[in-house]
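The structure under discussion appears below in the form of structure tokens.
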Amino acid sequence: MEKLQYISQGFTIEDQELNIRKALDHGAQWIQVRWKNAQKQEFIKLCEISKKLCSDNQTVCIINDHVQIAKDIDADGVHLGLKDTSIETARNILGQNKIIGGTANTISDVLQRMNEPCDYIGLGPLRFTSTKEQLSPILGFEGYQKIIENLKERSLEIPKIFAIGGVVLEDIELLQQIGIYGAAVSGQITHQPSLINEFKKAMK
């Protein structure tokens, strides 16, 4: 599984498409299509465009929240928030071969996600981010450390956890030392897509 996800950004379909194209041009291999507050038809159109772009680039295309749209366009999977469709329901709709990721904020969320089970966990936020309107309590590096230690104390295998929420390139080394698998990055890659290769190098 890729260690770097690009979460799409933009207020219009044109912005979203441009940012996804730039990320792909700079070597992104995993796109999560996320566009809150979009009109449904516009969002479907963006998902269709993104799926084609990702297919042309042999890149993973994940849809945020919308399980049925992910199925309809044959995306590679879906990412679900804690209040979205359940992992079990999504699995029934999408089948066994699609990627299903789930958001978590606390150790109990992580344990829930491991039991459900999802393929990877988006754990965060690391720090404040303006891309999310209703932000969960901020974890910081210490929060990640505590969750990983808690899993180790329970003798549980550490799942594939992606740090989310305001992650920048300088964070990667410490996150990996803690035991975090990868990162989902939105803002910094949107503004500086040329950093994608630096992220990949840091995540070796």
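Within the range 149-157, can one find any residue that is over 24 Å from residue 89 (Cα atoms), of a type in the set (Lys, Arg), open to solvent by 20 Å² or more (accessible area, probe 1.4 Å) and touching a Gly at 6+ places or on another chain (Cβ under 6 Å)? No, the range 149-157 contains no residue that is over 24 Å from residue 89 (Cα atoms), of a type in the set (Lys, Arg), open to solvent by 20 Å² or more (accessible area, probe 1.4 Å) and touching a Gly at 6+ places or on another chain (Cβ under 6 Å). Taken together, the criteria place residue 92 among residues that are over 18 Å from the mean Cα position of the chain (by Cα) and over 24 Å from residue 176 (Cβ atoms).
The residue pairs whose first member lies in the range 86-108 and is part of a strand (DSSP E or B), whose second member is among the basic types (Lys, Arg) and open to solvent by less than 50 Å² (accessible area, probe 1.4 Å), and whose beta carbons are closer than 9 Å, counting only pairs six or more residues apart or on different chains, are 100/91; 101/113; 102/113; 103/113; 104/113. For the range 168-204, the tally of residues that are over 24 Å from residue 157 (Cα atoms) and touching a helix residue (DSSP H, G or I) at 6+ places or on another chain (Cβ under 8 Å) stands at 11.
Looking across the range 39-85, the residues that are small (Gly, Ala, Ser), assigned to a helix (DSSP H, G or I) and touching a strand residue (DSSP E or B) at 6+ places or on another chain (Cβ under 6 Å) come down to 50, 70. Exactly one residue out of 61, 47 is in contact with a Gly (Cβ under 9 Å, 6 or more places away or on another chain), in contact (Cβ under 8 Å) with a residue 12 or more places away in the chain and closer than 17 Å to residue 76 by Cα: that is 61.
The numbered conditions (1) modelled with pLDDT of 95 or more; (2) closer than 21 Å to residue 109 by Cβ; (3) open to solvent by 10 Å² or more (accessible area, probe 1.4 Å); (4) not acidic (Asp, Glu) are all true for residue 137 except (1). Among the residues making up the range 70-86, those that are over 14 Å from the mean Cα position of the chain (by Cα) and open to solvent by 10 Å² or more (accessible area, probe 1.4 Å) are 71, 72, 73, 74, 83, 84, 85, 86.
The values are calculated or read from the model by the stated rules, or taken from the named source; none is laboratory data. Treat the numbers as computed from the prediction; the structure is a model and nothing was measured. Positions of Cβ are backbone-derived with ideal geometry, glycine not excepted, and every protein chain shown enters the neighbour counts. Protein only, heavy atoms only, side chains kept; ligands, DNA and RNA dropped before computing areas. Shrake-Rupley method; radii C 1.70, N 1.55, O 1.52, S 1.80 Å.
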